[in-house]
Amino acid sequence: MLEVADNNKNGMQAMAVAPIKDGIADTSEVIIAYAGTDFDDNLDVLTDASTVMGGDMNLSIPQWGSAPKKTDGQAISAQEFATSIKNS
């Protein structure tokens, strides 16, 4: 395993892995796996509904006692994770 992402703002989870060759991670063959919807996680379901069904790349997350606050949706977080793995 190279790196794990667990975004607590929108529920995106991912893991980057690479095969081990001669005891060393071969980063010429990196696989990124993204978790599917966790129906026990209300934030994950809300994000999926807004992003996938609503076509919204950002998610409006209600904050107690204030106006709704925008945060990046899972698609944006997933792309940022992939880019960070590619650039590392």
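The numbers here are math on the coordinates, done by the rules we state, and not lab data. Quick caveat: nothing in here was measured; it's all calculated off a predicted structure. Positions of Cβ are backbone-derived with ideal geometry, glycine not excepted, and every protein chain shown enters the neighbour counts.
The GNM of the chain, with springs linking C-alpha atoms under 10 angstrom apart, assigns the highest mean-square fluctuation among D22, D40, D72 to D22.
Annotation for V52 and D38: the two label points, set 7 Å from Cα along the Cα-Cβ direction, are 1.6 nm apart.
Quick check on the chain: what are the equivalent-ellipsoid semi-axes from the Cα gyration tensor, as sqrt(5λ), descending, whole Å? Don't jump to the answer; show the numbers that get you there.
Working: eigenvalues 186, 29, 24 Å².
In descending order the semi-axes read 30, 12, 11 Å.
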